[in-house]
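**Student:** Once you've had a glance at the structure underneath, I'll fire off some questions.
The values are calculated or read from the model by the stated rules, or taken from the named source; none is laboratory data. In this text the structure is predicted, and so the values were computed from the model without any measurement. Every residue, glycine as well, gets a Cβ built from its backbone with ideal geometry; the counts of neighbours run over all protein chains shown.
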Amino acid sequence: MGLFFAFWPVPFQMWLAAALAIPLRVNLPLSVATVWITNPFTMTPIFYSAYIVGTSVMGSPQKDFSFELSWDWVLQSIETIGPAFLVGCLICSIFFSAVGFFSLNYLWRLSVTKAWEKRIQKRYPKA
């Protein structure tokens, strides 16, 4: 759940992950913690990569832009780079949350299998 919301460019990603983790019965601490993959240090390369993915999928050319910390820049960039960026964010969130889900599911099953094997060996030691 956290990986899904990590790629959304919205505030309060942890709250969103927690709000859906509870009714969907997924691991709440892990959902909240994995949102922090996008943090102030990684946000720029991750969101720029999402923009690249969006332009590739939409077949639109990449536009040069420079970041400004202003409301006018946000409104202008939503019109110019916004659609490709949001499509890329959606694709990345679906892809990486699926990869995370299947990877953690595999690791969990592997640890349970090893624990059962260890338990069986402890119960029935070889002579």
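**Student:** Which of the residues that make up region 91-121 are touching a Phe, Trp or Tyr at 6+ places or on another chain (Cβ under 8 Å) and surrounded by 15 or more Cβ atoms within 10 Å (Cβ to Cβ)? Reasoning before the result, please.
**Tutor:** First, the residues of region 91-121 that are touching a Phe, Trp or Tyr at 6+ places or on another chain (Cβ under 8 Å): 92-94, 96-97.
Cys92, Ser93, Phe96, Ser97 - these are the residues of region 91-121 that are touching a Phe, Trp or Tyr at 6+ places or on another chain (Cβ under 8 Å) and surrounded by 15 or more Cβ atoms within 10 Å (Cβ to Cβ).
**Student:** Restrict the check to region 24-32 and report whether at least one residue is under 14 Å from the mean Cα position of the chain (by Cα), surrounded by 15 or more Cβ atoms within 10 Å (Cβ to Cβ) and within 21 Å of Phe85 (Cα to Cα).
**Tutor:** Of the residues in region 24-32, the ones under 14 Å from the mean Cα position of the chain (by Cα) are 30-32.
Narrowing the set further to residues that are surrounded by 15 or more Cβ atoms within 10 Å (Cβ to Cβ) leaves 30-32.
Checking the rest, the ones that are also within 21 Å of Phe85 (Cα to Cα) come to none.
Looking for residues that are under 14 Å from the mean Cα position of the chain (by Cα), surrounded by 15 or more Cβ atoms within 10 Å (Cβ to Cβ) and within 21 Å of Phe85 (Cα to Cα), one finds none in region 24-32, hence no.
**Student:** Which one is nearest to Phe47 (Cα to Cα), of the residues in region 63-88 that are surrounded by 12 or more Cβ atoms within 10 Å (Cβ to Cβ) and small (Gly, Ala, Ser)?
**Tutor:** Gly88
**Student:** I would also like to ask the following. Restricting attention to region 69-89, and to residues there that are modelled with pLDDT of 80 or more and of a type in the set (Val, Ile, Thr), which single residue is farthest from the chain's Cα centre (by Cα)?
**Tutor:** Thr80
**Student:** Tally up the residues in region 43-98 that are polar (S, T, N, Q) and in contact with a Cys (Cβ under 8 Å, 6 or more places away or on another chain), please.
**Tutor:** 1
**Student:** Of these, Phe65, Phe101, Phe12, Phe95, which one is of a type in the set (Phe, Trp, Tyr), at pLDDT below 90, out of contact with any helix residue (DSSP H, G or I) (no Cβ under 6 Å at 6 or more places or on another chain) and under 21 Å from Met1 (Cβ atoms)? Working first, answer last.
**Tutor:** Values: Phe65 fails: under 21 Å from Met1 (Cβ atoms); Phe101 fails: at pLDDT below 90; Phe95 fails: at pLDDT below 90.
After applying the criteria, what remains is Phe12.
**Student:** Check every one of the helices (runs of 4 or more DSSP H) wholly within region 1-83 and list those with 2 or more residues that are closer than 22 Å to Ser103 by Cα and touching a residue at least 24 places away in the same chain (Cβ under 8 Å). Show your work before the answer.
**Tutor:** Numbers: elements: 2-6, 13-24, 28-34, 43-58, 71-80.
Once the helices (runs of 4 or more DSSP H) in region 1-83 are filtered for at least 2 residues that are closer than 22 Å to Ser103 by Cα and touching a residue at least 24 places away in the same chain (Cβ under 8 Å), what remains is 2-6, 28-34, 43-58.
**Student:** Thr113: part of a helix (DSSP H, G or I), among the β-branched types (Val, Ile, Thr) and over 22 Å from Val10 (Cα atoms), yes or no?
**Tutor:** So Thr113 fits the description; yes.
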